[in-house]
Amino acid sequence: MERRVSGNIAFICGRWPLDPSRSTLVFIHGAGESSLLWHAQVEELAVRANTVALDLPGHGRSGGRAQSRVEDYARAVIDFVDAVAVPRPVPCGLSMGGAITQQLLLDEPARFPAGVIISSGARLRVLPAVFATIESDFQAYVAMIDRSGFSEKTPAAVKQAFLEDSLRADPATAQIRPVSGEEHSGRGALPCAGCRAFRADREAAGAKRRHPVVSGRQPTIEAPNTKH
């Protein structure tokens, strides 16, 4: 696995240079996370396809600031794909990354004819208690991820690396509560309409393509009774 940088976007890849004859799985993390989430996939799937995982603006090793809308993150991914000349990109997104993936599939169907959506939906809602915990005790928020974001079968070493990465993050990166229509001053926040304002259900209802959607049995950080 290699670590590379293109402009202000840091990314990892299974092999470099990318093979132009292969499709490229482009892994997109969620709010407050980084490409560390995808290390295993980037390494193990590199025998079958090009694999790339980027740090979104304001996250991980990337520079810049987080965007105020899912559409803006999607634009950042498109710019990255163009800059690196990613062959036949297939976006694979988790949570907010899944929302970004949906935006790419809806806005650029010719460029992104396939995608994978993981633990996400056409509408995103987050429990208010999550925001309160982020603001009052970020370590408690990370502990919440430990309790509710992993399978009981997840090896401790895998969890520990992810949780330590989360603790190093600016707490603002996880604050996806909608505020004003202006961009938040924090380096990595997803403010404004953000995840809560994202809804692709109307557009997705008319989509003619099928894409795999992967989800756990009970995503406890999401607000209950949310319709996807």
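The values are calculated or read from the model by the stated rules, or taken from the named source; none is laboratory data. Because the structure is predicted, anything quoted here is derived from the model rather than measured. Backbone-built Cβ (ideal geometry, glycine too); neighbour counts: all protein chains shown.
General remarks:
- Matching residues in region 99-119 - criterion: being under 15 Å from the mean Cα position of the chain (by Cα) and touching a residue at least 40 places away in the same chain (Cβ under 8 Å): Ala99, Ile100, Thr101, Gln102, Gln103, Leu105, Gly115, Val116, Ile117, Ile118, Ser119
- Filter result (surrounded by 24 or more Cβ atoms within 10 Å (Cβ to Cβ) and in contact with a Pro (Cβ under 8 Å, 6 or more places away or on another chain)) within region 70-96: Tyr73, Val77
- When the strands (runs of 3 or more DSSP E) confined to region 1-88 are screened for residues that are closer than 24 Å to Asp107 by Cα, without any contact (Cβ under 8 Å) to a residue 60 or more places away in the chain and of a type outside the set (Gly, Ala, Ser), those reaching at least 2 such residues are found at 50-54.
- Candidate set: region 129-157, residues that are in contact with a helix residue (DSSP H, G or I) (Cβ under 8 Å, 6 or more places away or on another chain) and of a type in the set (A, V, I, L, M); chosen: the one modelled with the highest pLDDT: Ala140
- Whichever residue in region 67-82 is of a type outside the set (Ser, Thr, Tyr) and touching an Asp or Glu at 6+ places or on another chain (Cβ under 8 Å) and, among such residues, is farthest from Ser35 (Cα to Cα): Glu71
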